[in-house]
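One structure is given below, encoded as structure tokens.
The values are calculated or read from the model by the stated rules, or taken from the named source; none is laboratory data. Computed from a predicted structure; not experimentally measured. Note that each Cβ is placed from the backbone with ideal geometry, even for glycine, and that neighbours are counted across all protein chains shown.
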Amino acid sequence: MKKYYFLLLVLVLNLTSCGKGDSRNSPQPQVESPAATEETKDPLKNVELISPSGEIIKVSIAYTSRDQSKGLQGVQPEEFEENEGKLFFYLKDSARTFWMPNTYFNLDIIYLDQELKITDIVWNIEHYTGSVDSEIPRAPRISSRHVLEMKNGSVISSKLKVGDQFQWKSPLTLQQTESKIRQQQ
């Protein structure tokens, strides 16, 4: 009788584990923390620039032509904090003109070289909520690698000057970021 119960127990155990596979031999699903997953998927979303005075600027990067065309259009002043910026990330130096259609706050335009050193600054470019091309305020054409837009008069931007250099803080180095963008284009 004991032998019968033992066989029945073995049979039940085998049946209950059917379809589950042997956990020692089957690959386990990889579970990542939400923060790690986000960084791995797109480390360009988590970039900060550190100003020479140590203040942190949270930047979103515009590296596709679509994102660069859109810029800060449609963003309301209360949606864009003084410690935020839009970094236009380019892969080569060029003369650049920035203009502000459908914007709702004035901007400081900070021109940077490939090492994030400030080469020029245009202060207080007026916003323009319309889209009539001839009336849209434009910054002068200035050669640079990258361009950072910040709210005019923010505590951080008002301290900046030509020759200052930002530090890059991201899951990727500045060079790795450039390489990743090149691969996506």
Counted residues in the range 97-108 being closer than 22 Å to Glu178 by Cα and either at pLDDT 95 or above or touching a His at 6+ places or on another chain (Cβ under 7 Å) (or both) come to 0
Go through (1) aliphatic (A, V, I, L, M); (2) at pLDDT 95 or above; (3) over 15 Å from Gln68 (Cβ atoms); (4) surrounded by fewer than 18 Cβ atoms within 10 Å (Cβ to Cβ) and name the single condition Ile136 misses.
(2)
Being touching a residue at least 24 places away in the same chain (Cβ under 8 Å), assigned to a strand (DSSP E or B) and either closer than 21 Å to Pro43 by Cα or out of contact with any Pro (no Cβ under 7 Å at 6 or more places or on another chain) (or both), is that true of even one residue in the range 61-79?
yes
Given the options Ser53, Ser17, name the one that is more than 30 Å from Arg182 (Cα to Cα), among the hydroxyl-bearing types (Ser, Thr, Tyr), modelled with pLDDT of 50 or more and surrounded by 10 or more Cβ atoms within 10 Å (Cβ to Cβ).
Ser53
Just for the range 52-70: of the residues that are touching a Lys or Arg at 6+ places or on another chain (Cβ under 7 Å) and polar (S, T, N, Q), which one is farthest from Lys151 (Cα to Cα)?
Ser53
What are the residues in the range 80-94 that are in a loop (DSSP other than H, G, I, E, B), among the aromatic types (Phe, Trp, Tyr) and touching a helix residue (DSSP H, G or I) at 6+ places or on another chain (Cβ under 9 Å), if any?
Phe89, Tyr90
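Report whether or not Tyr111 is at pLDDT below 95 and in contact with a strand residue (DSSP E or B) (Cβ under 9 Å, 6 or more places away or on another chain).
No, not satisfied.
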Output for the range 131-170, where each listed residue is out of contact with any Ser or Thr (no Cβ under 6 Å at 6 or more places or on another chain) and of a type in the set (A, V, I, L, M)
Val132, Ile136, Ala139, Ile142, Val147, Leu148, Val155, Leu160, Val162
